[in-house]
Amino acid sequence: MLQTALTRRLGIDHPIVQAGMGAEAGAALASAVSEAGGLGTLGTIGTPPALVASAMARVRDLTARPFAINLVTFEGAPLRDELLDLGIAERATIVTLSFGDSVPAILRFRAAGAFVIVQAQDAQQAEAALHAGADAIIAQGSEAGGHTGRRGTLSFAAQVLSLAGQTPVLVAGGVGDGKGLAAALAMGAAGVVMGTRFKASEEFAGNPAHKAAIISSDGGDTISDLSNDGAYPFRWPENVRGRVVATPFGRHWAGRVEELRARAESYDSPRGIFSDATLDPPLDLNWAGESSGLVEEVLPAAEIVRRTVAEAERLLRKVSAVLG
Ligand SMILES: Cc1cc2nc3c(=O)[nH]c(=O)nc-3n(C[C@H](O)[C@H](O)[C@H](O)COP(=O)(O)O)c2cc1C
């Protein structure tokens with residue numbers, strides 16, 4: 001058993017949090033991870049609140065164990081305020097907050113009695129979240145899939161551990177197996193957040209070709225570039241950009257975000273560039289991080305949890321031998 005401040009505080013068996021990853025990280029994935037003893041998370045970004053409410057009800061039907069919902073807090077995020085209201089109305093007991101200024105949402109969810117975990121990409125965000133009373137901080141390094149900052153995982157996590165004092169810290173970005181979990185715990189972290197590894201799970205409701213590309217990837221073919229956001233009709237905060245496993249679309253537009261934005265803004269229809277069947281190469285973004293190099297097969301989420309914990313336990317038992 002790997003027991004930490006996080007597992008004790010949340011009443012979970014293993015210090016593994018599955019990242020919120022949009023609506024594709026839905027009830028099937030979140031409930032499978034929670035049922036396996038980790039902390040499953042429903043992704044919500046841009047998802048109509050009624051769908052999130054029914055996904056929460058579904059998770060509650062599928063497992064009696066704790067689960068989180070992920071809410072993005074940056075100015076301009078689609079449906080941000082409606083989704084924050086929904087989290088309060090549906091009495092989310094654990095929330096992960098990401099991107100932009102999370103402080104107002106931290107105060108609101110703390111007042112509502114929720115356990116509030118804040119994902120930070122730089123020291124200023126981590127300090128602000130700690131000051132506002134966050135219950136745990138995710139130190140997210142730039143190897144991560146999806147949106148991430150500019151700091152490498154190792155030194156940033158060490159820095160946040162020093163800042164956080166008694167507040168539990170979780171490490172995100174590049175953790176795809178038990179080696180990453182063992183390293184995080186050995187540093188003094190209370191657990192890890194894994195996104196890319198759970199994207200290649202049976203329960204993640206995404207494009208099978210994207211999962212196959214994660215499996216084929218050696219981790220060296222990811223692209224972190226502003227152009228990965230250029231097709232969307234809203235702007236992400238300055239301190240983050242998206243990381244994807246390269247597709248022909250990503251390679252074509254890398255370094256050309258303004259050109260892509262101009263193209264995306266030239267459409268009249270609401271789905272804009274996303275509905276353009278003539279786009280060559282076609283619009284295709286496979287959000288995933290460098291830990292793709294650690295993923296060899298699509299697995300059930302419970303098996304990912306089991307293998308990760310078993311490997312970390314094996315490694316941590318050996319670590320004390322280093323002390324001589
Ligand atoms: C497909 C995908 C979608 C993501 N979507 C979100 C999101 O909606 N909200 C969020 O806070 N983080 C999101 N992230 C980032 C994760 O929260 C997490 O920090 C990251 O996956 C950790 O790094 P890893 O991918 O190496 O495990 C996403 C990551 C991936 C891979």
Would you mind estimating how fast the chain diffuses translationally, via Stokes-Einstein at 25 °C and 0.890 mPa s with the Kirkwood radius over Cα pairs, in µm²/s? 125
Filtered GluC sites (Glu not before Pro), the range 180-267: DSSP coil and at most 12 other beta carbons within 10 Å: Glu238
Out of Gly174, Gly22, Gly149, any idea which swings most in a Gaussian network model of the chain, alpha carbons joined below 10 Å? Gly22
Contact order relative to length for the chain, counting C-alpha pairs under 8 Å separated by 6 or more residues, stands in percent at 17
I need the trypsin sites (Lys or Arg not before Pro) found in the range 259-296, filtered to DSSP loop residues with at most 15 other beta carbons within 10 Å of theirs. Arg271
Considering the chain as a Gaussian network with a 10 Å cut-off on Cα pairs, which listed residue, Gln159, Gln119, Gln18, attains the greatest mean-square fluctuation? Gln159
Mean separation of Cα pairs under 8 Å and 6+ residues apart, divided by the residue count of the range 208-290: what relative contact order is that in percent? 37
Sorting Lys179, Lys211, Lys318 on the 10 Å Cβ count, fewest up front, what's the list? Lys318, Lys179, Lys211
Toward the positive end of the charge dipole of the range 280-324, about the Cα centre and with charges on Cβ (Lys, Arg +1; Asp, Glu -1), which of Val322, Pro281, Ser291 goes farthest? Val322
Against the longest principal axis of the chain, how steep is helix 178-187, in degrees 0 to 90 to the nearest 10, with axes from Cα atoms? 60
Can you tell me the 0 to 90 degree angle between the C-alpha axis of helix 153-164 and the longest principal axis of the chain, rounded to 10? 60
For the range 39-134, which trypsin sites (Lys or Arg not before Pro) are in a loop by DSSP, counting at most 10 other Cβ atoms within 10 Å? Arg91
Where does helix 301-319 land angle-wise versus the long Cα axis of the chain, in degrees 0 to 90, nearest 10? 50
If you place +1 on the Cβ of every Lys and Arg, -1 on the Cβ of every Asp and Glu, and leave all else neutral, what size is the dipole of the chain about its Cα centre, to the nearest 20 Debye? 900
Computed, not fitted: 222 nm per-residue ellipticity of the chain from DSSP H runs ≥ 4 (each -39500 (n - 2.57)), nearest 500, equal to -11500 deg cm²/dmol
Arrange His131, His210, His147 by Cβ neighbour counts within 10 Å, fewest through most, would you? His131, His210, His147
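Coordinate-derived values only; no laboratory data. Because the structure is a prediction, the values reported are computed rather than measured. Heads up, the Cβs are rebuilt from the backbone with ideal geometry, glycines too, and the neighbour counts pull from every protein chain shown.
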